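What follows is a single structure, written as structure tokens, with notes after it.
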Amino acid sequence: MEQSLILVKPDAMERGLAGTIIARLEGQGFKLVAMKMLRMDRLLAERHYDVHRDKPFFKGLVEFITSGPIVAAVFEGENAVSGLRKAMGSTDPAKAAKGTIRGDFGQNIERNVIHGSDSVETAEKEIRLFFSGAEIFSY
Ligand code: UDP
Ligand code: MG
């Protein structure tokens, strides 16, 4: 069964959307197998977003994602990686369909409320950055 990492970003936390976002994903059939609240430090943020290191938005992205607490969660399900990406909607909320999390709650391309792994390989790496094996449940 596939697993994927989800982060409820600081903009969503500030707006009291953590429960709504987690509940939506549970309601769409994804199984919650790990969850914690934390504030990412610079090193974790730079590792998590390493593929974007050379992008013009990298510095701002690291500042944003470390600006407040987040909720990190692992969801499991059949084709969970692509299914969660679909539930999240496009990176830019202006282009995301209504009914998707970013389409309904995102404010702009940076403050887009949620992160989700983009491939099975990335998901495995990202999950390991946030969770130990003992923190991921099988039930
Ligand atoms: N981002 C940004 N400016 C951009 C593109 C992306 O601030 O022009 C941020 C945005 O928060 C996005 C994250 O960088 O979610 C990672 O970008 P990616 O292209 O991987 O989008 P995602 O996988 O999150 O949809
Ligand atoms: Mg991405």
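Some observations on this one:
- Answer residue from the range 78-99, given it is outside any helix (DSSP H, G or I) and touching a helix residue (DSSP H, G or I) at 6+ places or on another chain (Cβ under 6 Å) and is farthest from ligand 2 (Cβ to nearest atom) among those: A97
- Selected residue [touching an Asp or Glu at 6+ places or on another chain (Cβ under 7 Å), of a type in the set (V, I, T) and either in contact (Cβ under 8 Å) with a residue 40 or more places away in the chain or more than 13 Å from ligand 2 (Cβ to nearest atom) (or both)] from V74, V113: V113
- Here E46 fulfils each of the conditions (1) within 15 Å of ligand 1 (Cβ to nearest atom); (2) in contact (Cβ under 8 Å) with a residue 40 or more places away in the chain apart from (2).
- Check on T122, part of a helix (DSSP H, G or I) and either away from ligand 2 (no atom under 13 Å from the Cβ) or of a type in the set (S, T, N, Q) (or both): yes
- Hits in the range 102-118 (condition: open to solvent by less than 40 Å² (accessible area, probe 1.4 Å) and within 11 Å of ligand 1 (Cβ to nearest atom)): R102, G106, N112, V113, I114, H115, G116, S117
- Matching helices (runs of 4 or more DSSP H) fully within the range 1-75 where at least 2 residues are open to solvent by 10 Å² or more (accessible area, probe 1.4 Å), in contact with a strand residue (DSSP E or B) (Cβ under 7 Å, 6 or more places away or on another chain) and of a type outside the set (S, T, N, Q): 18-27
- Among the residues of the range 90-139, those identified as small (G, A, S) and closer than 18 Å to G19 by Cα are G99, G103, G106, G116.
- Close contacts from the range 1-28, counting a first residue that is among the acidic types (D, E) and a second that is open to solvent by less than 60 Å² (accessible area, probe 1.4 Å) and part of a strand (DSSP E or B), with Cβ to Cβ under 8 Å and a gap of 6+ residues or different chains, come to E2/E76; E2/G77; E26/L32.
- Of all residues in the range 76-101, those that are open to solvent by 60 Å² or more (accessible area, probe 1.4 Å), within 15 Å of ligand 1 (Cβ to nearest atom) and under 21 Å from R128 (Cβ atoms) total 2.
- Flag for G133 being more than 13 Å from ligand 2 (Cβ to nearest atom), in contact with a Phe, Trp or Tyr (Cβ under 8 Å, 6 or more places away or on another chain) and under 17 Å from M1 (Cα atoms): no
- Number of the exception - R128 against (1) open to solvent by 70 Å² or more (accessible area, probe 1.4 Å); (2) assigned to a helix (DSSP H, G or I); (3) within 16 Å of ligand 2 (Cβ to nearest atom): (3)
The values are calculated or read from the model by the stated rules, or taken from the named source; none is laboratory data. In this text the structure is predicted, and so the values were computed from the model without any measurement. Glycine also receives a Cβ, built like all others from the backbone with ideal geometry; neighbour counts cover every protein chain displayed. With ligands, DNA and RNA removed, areas are computed over all heavy atoms of the protein, side chains included. Shrake-Rupley method; radii C 1.70, N 1.55, O 1.52, S 1.80 Å.
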